[in-house]
Amino acid sequence: MKVLLGTTKGLLTLTEEGPNWRVQQVDFLGLPVSMIHSNKDNSKTWVALAIKHWGVKLHQSEDHGQTWKEIEAPKYPTSALVREGEPATLGLIWSMASSGDRQWIGTEPGGLFVSDQASGFQLVQSLWDHPSRPRHWFGGGRNHAGIHSICLHPQNPNRIYIGVSCAGVFHSDDGGTTWSPKNRGLRADYLPDPFVEVGHDPHRLELCRSHPHVLWQQNHCGVFRSTDGGEQWVDVTSKDEIGRYGFALTIDHENPDRAWIVPAESDECRVAKDLTLMVSRTEDGGKSWEHIRISDANDDCFDLTFRHAFDRHATSMVFGTTNGNLYVSKSDGDQWMRAHSNLPPIHVCKIIR
């Protein structure tokens, strides 16, 4: 098993050697990694960097990370304005998805880009021009809105869902020609009207590949699930309120009722819930939750797990924390071990299959 970590100090490749894990390779040493993506057959991998002095960079590997080449990052047209008087410039590449020859990239300040083999990345103008964006999209902990999740329907590549912090879930059924918000049933407790059409903060959005009408999100205000393609969301947060706040979410792509989260304390206090590092799991679509304490974490745990720092493949799971700890489970979350510590803050985890 191999894991890629996007950290504030580079891209780390970790490999399993018996009971131990070691850092096998470091790329982009000292530079912050904001996104890791591999296409379906793992033949290509992309890494995005968010460099303070030189801006956003995008790199691609076609040999499983042995070598990297820089490719042109998306650029906003000169006519694109975040709002009146403020030109749009690329601040962060936050997400990526692939479908055939097309690649989609989600960015801050809220732009979605698409490319195919014949052209570079172009702004999806229809989403950028959505009438809700100038007034009702805003930054959730960052300066501007950002697209952190892109979910493609496995049978219909024209059906796309995106998660925007802060705006909510948006959907296209025609390959990005038109877009509509899909936020009915969500709550935005931080707004005067919690049930606005646009202005929600999904921290992480996932679509079940075997049952693509089922979507999950770890939201700023709870865990929500939809069983009708996003037409209606239901609050499935644990009754004890653990999981009301958090970032990370992963799901079972074979069983639409299974999901895992890493609970955090609150927006105001971004640490492990009750200073106890745990993973919460549901087997019944959120009707009940089991909280699995990480036994070898510190008793007073100040770790936080970000939205892209949790990954699952088969029965293997990994998550990383802002304190540089990496945890691994080979049993779908029944037991966890701390695989490594003293790493840089981890923002992205990806299991290499």
- Projected onto the charge dipole of the chain (unit charges on the beta-carbon of Lys, Arg, Asp and Glu, signs +1, +1, -1, -1), the Cα from 323, 37, 213 with the largest positive-side position is that of 37
- Could you work out the helix-only [θ] at 222 nm for the chain, with each DSSP H run of four or more residues adding -39,500 (n - 2.57) and the total divided by the number of residues, to the nearest 500 deg cm²/dmol? -500 deg cm²/dmol
- Note on the structure: Filtering chymotrypsin sites (Phe, Trp or Tyr not before Pro) in the stretch 15-114 by DSSP loop and by at most 12 other Cβ atoms within 10 Å leaves 54
- Message: Beyond a 25 Å Cα-Cα separation, which of these cross-linked pairs lie in this structure: 40/350; 2/273; 2/182; 57/350; 44/75?
- Response: 2/273; 2/182
- Query: From the residues 121, 85, 47, which one has its Cα farthest along the dipole of the stretch 1-124 in the positive direction, the dipole being from +1 and -1 charges on Cβ of Lys/Arg and Asp/Glu about the Cα centre?
  - Reply: 85
- Quick shape summary for the stretch 222-353, equivalent ellipsoid via Cα gyration tensor, semi-axes whole Å in descending order, reads 23, 17, 13
- Message: Within the chain, which is the longest segment that contains none of the GluC sites (Glu not before Pro) sitting in a DSSP loop with at most 16 other Cβ atoms within 10 Å?
- Response: 85-196
- Message: If you average the alpha carbon positions of the stretch 85-163 and of the stretch 184-263, how far apart do those two centres end up, in angstrom?
- Response: 20 Å
- Message: Under 4 °C and 1.567 mPa s, how fast does the chain diffuse according to Stokes-Einstein, given a Kirkwood radius computed over C-alpha pairs? Answer in µm²/s, whole number.
- Response: 64 µm²/s
- Message: Just to confirm my numbers, what's the Cα centroid distance between the stretch 328-353 and the stretch 275-307 in Å?
- Response: 13 Å
- Item | Ranked by how many other beta carbons lie within 10 Å on average, peptides 167-173, 296-302 from highest | 167-173, 296-302
- Message: If the elastic network links every pair of Cα atoms under 10 Å, which of 44, 273, 57 fluctuates the most in the Gaussian network model of the chain?
- Response: 44
- Classified through the alpha carbon gyration tensor (a ≥ b ≥ c as square roots of its eigenvalues; rounded if a/c is under 1.5, else prolate when a/b is larger than b/c, else oblate), the stretch 160-274 comes out oblate
- Query: Is the shape of the stretch 29-168 best called rounded, prolate or oblate, per the rule: a/c under 1.5 gives rounded, else a/b larger than b/c gives prolate, else oblate, with a ≥ b ≥ c the square roots of the Cα gyration tensor eigenvalues?
  - Reply: oblate
- Tabulate in residue order the Karplus-calculated ³J(HN,Hα) for the stretch 86-91, using 6.51 cos²θ - 1.76 cosθ + 1.60 with θ = phi - 60°, rounded to whole Hz; enter x for Gly and Pro. 10, x, 7, 10, 5, x
- Estimated dipole of the chain in Debye, rounded to 20 [Cβ of Lys and Arg +1, of Asp and Glu -1, Cα centre]: 560 debye
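A short reminder: the numbers here are calculations on the coordinates, not readings from a lab. A quick note: this is a predicted structure, and the numbers were derived from the prediction, not measured. Virtual Cβ from ideal backbone geometry, glycine too; neighbours counted across all protein chains shown.
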